[in-house]
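Each value in this text was obtained by applying a stated rule to the coordinates, not by laboratory testing. Predicted, not measured: the structure shown is a model, and the values here were computed from it. Cβ coordinates were reconstructed from backbone atoms using ideal geometry, including for glycine residues, and neighbour counts include every protein chain displayed.
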Amino acid sequence: MVQRTGRRVLTVDARNHGDSPHSPDASYEAMSLDLQGLLPQLGLVPCVLIGHSMGGKTAMLLALQRPDVVERLVVMDISPTGTTPGLYIGNFIAAMKAVEIPEKVPYSQARKLADKQLSSVVKEVSIRQFLLTNLVEVDGRFSWRVNLDALAQQLDRILTFPQQLESYSRPTLFVLGGNSTYVQPSHYPEIRRLFPQAQIQTVPNAGHWVHNDNPKDFMDAVTSFLA
């Protein structure tokens, strides 16, 4: 993306994900505040904000709350409405919490064991591979880096979007996966209300993980939007 856009690119490690601190508050409001503190500190205001799924909802909320911070917005396969297809996330979280791995086995074996245990619930190999990036070893014990407890407890809030009255009037691109059902035509009126300059583009041969399923067409859409 750096080569294609000629821009400095920063990947944000959201709370309760990756190596960032865990918190019982997994709300979009909290994650928006995290970005409101981080971006000025790094001298990245205003910026182009790109977010996928939960990250897309965080990006939308930040743009709506602080339009001065966001120069342009790219939202990947999510809308500012409830996320009905996302109900399966609860099943994924339960499956991850149920994984059992013996202590002191090699990491490669631990991944294979976790993959096998997840496969009964998470059918798609690509999604299991994505989930397995969260498997970490600490002092010979394997655990999940993502805060599963907080995500499970706040799943109802995660699957909705905070009610907003003000709109974001700057250029916005919604990139949808052609095979995904996350964003429905019934969501378009709310998208248009909150993001009146929104363009909606569908990437073929891609599901919810648009950037992973069809990276070329995804990057073509983003670079064209930023040109």
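Quick notes on this structure:
- Relative contact order, percent, the stretch 112-218 [alpha-carbon distance under 8 Å, six or more residues apart]: 20 percent
- Shape call, the stretch 135-227: gyration tensor on alpha carbons, a/c limit 1.5: oblate
- For the stretch 1-105, the Cα gyration tensor yields ellipsoid semi-axes of 28, 18, 15 Å (square root of five times each eigenvalue, largest first, whole Å).
- Spatially close lysines, pair count over the chain: Cα under 29 Å, gap of eight or more or interchain: 11
- Rh by Kirkwood over Cα pairs, then Stokes-Einstein D for the stretch 86-153 at 0.890 mPa s and 25 °C, µm²/s: 201 µm²/s
- Projecting the Cα atoms of Leu151, Gly178, Val121 onto the charge dipole of the stretch 98-181, computed from C-beta unit charges around the Cα centre, puts Gly178 farthest toward the positive end.
- Using R0 = 35 Å, the C-beta based FRET efficiency linking Arg192 and Glu137 works out to 0.15.
- Ordering of 202-215, 135-148 by packing [mean C-beta count within 10 Å, highest first]: 202-215, 135-148
- Point-to-point label distance, Thr5-Gln129, nm (Cα→Cβ direction, 7 Å offset): 2.4 nm
- Under-5 Å amide H pairs with Glu71, H placed in peptide plane, nonlocal only: Cys47, Val48, Leu49
- GNM top mover of Ile158, Ile89, Ile78 - the chain, alpha-carbon springs below 10 Å: Ile89
- Taking a ≥ b ≥ c as the square roots of the eigenvalues of the Cα gyration tensor, an a/c ratio of 1.5 or more together with a/b larger than b/c marks the chain as prolate.
- Shape category assigned to the stretch 36-164 from the gyration tensor of Cα positions, a/c cut at 1.5: prolate
- As a rough guide to protection, the peptides 27-35, 159-167, 110-118 ranked by mean Cβ packing within 10 Å, highest first, stand as 27-35, 110-118, 159-167.
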